[in-house]
Amino acid sequence: MTQQDAAQITGYHAHVYYNAATREMAGELRTAIEARFEIRMGRWHDQPVGPHPEWSYQVAFAPDLFADIVPWLALNHGALTVFIHPETGDDIADHTLHALWLGRQEEIDISALR
């Protein structure tokens, strides 16, 4: 197995999945994230977008925040699913081989990444 250098990671995306029934919960989590971390928050998508099978919003953060935000999300995501992936320039590998899940794992539509 060829090892890769983590220095190629330029950032991370955490996608918080929600639906009509959990949108308020997702909003509370979003407010807490914005208050606690120096991140870039994406738009609400009340429909599946790109490879994501659920409604979602994106939380973009720098690699040096990983050790702070991911454990916090692990303890605070509640019933929501959070999909986390690095940004290395290889979208397919980032969304499949290098991805992390908090909560229920979903099926990503990688055809949207080609």
Problem set entry | Enumeration of residues in the range 18-70 that are surrounded by fewer than 17 Cβ atoms within 10 Å (Cβ to Cβ), closer than 17 Å to Q105 by Cα and of a type in the set (S, T, N, Q) | N19
Exercise. Which one of A21, A26 is more than 26 Å from T88 (Cβ to Cβ), part of a loop (DSSP other than H, G, I, E, B), at pLDDT 95 or above and among the small types (G, A, S)?
Worked result: A21
Exercise. Does D64 satisfy being modelled with pLDDT of 95 or more, in contact with a Pro (Cβ under 7 Å, 6 or more places away or on another chain) and of a type in the set (D, E)?
Worked result: no
Exercise. Can you tell me which residues in the range 1-18 are in a loop (DSSP other than H, G, I, E, B) and among the hydrophobic types (A, V, I, L, M, F, W, C)?
Worked result: M1, I9
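Pull up the range 30-46, narrow it to residues that are within 19 Å of Y18 (Cα to Cα) and part of a loop (DSSP other than H, G, I, E, B), then point me to the one that is farthest from the chain's Cα centre (by Cα).
Only one residue fits best here, namely D46.
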Problem set entry | Any hit, the range 19-28, residues being under 26 Å from L97 (Cβ atoms) and either in contact with an Asp or Glu (Cβ under 6 Å, 6 or more places away or on another chain) or in contact (Cβ under 8 Å) with a residue 40 or more places away in the chain (or both) | no
Problem set entry | Residue tally, condition assigned to a loop (DSSP other than H, G, I, E, B) and touching a strand residue (DSSP E or B) at 6+ places or on another chain (Cβ under 8 Å), over the range 74-104 | 6
For this session: Exactly one condition in (1) modelled with pLDDT of 95 or more; (2) charged (D, E, K, R); (3) more than 12 Å from the chain's Cα centre (by Cα) is not met by R114; state its number.
Result: (1)
Exercise. Is there any pair linking a residue in the range 51-73 that is assigned to a helix (DSSP H, G or I) to one that is of a type in the set (S, T, Y) and crowded, with 17+ Cβ neighbours inside 10 Å, with Cβ under 9 Å and at least six apart or on different chains, and which?
Worked result: P63/Y12; L65/Y12; F66/Y12; I69/Y12; V70/Y12
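The values are calculated or read from the model by the stated rules, or taken from the named source; none is laboratory data. Predicted, not measured: the structure shown is a model, and the values here were computed from it. Cβ coordinates were reconstructed from backbone atoms using ideal geometry, including for glycine residues, and neighbour counts include every protein chain displayed.
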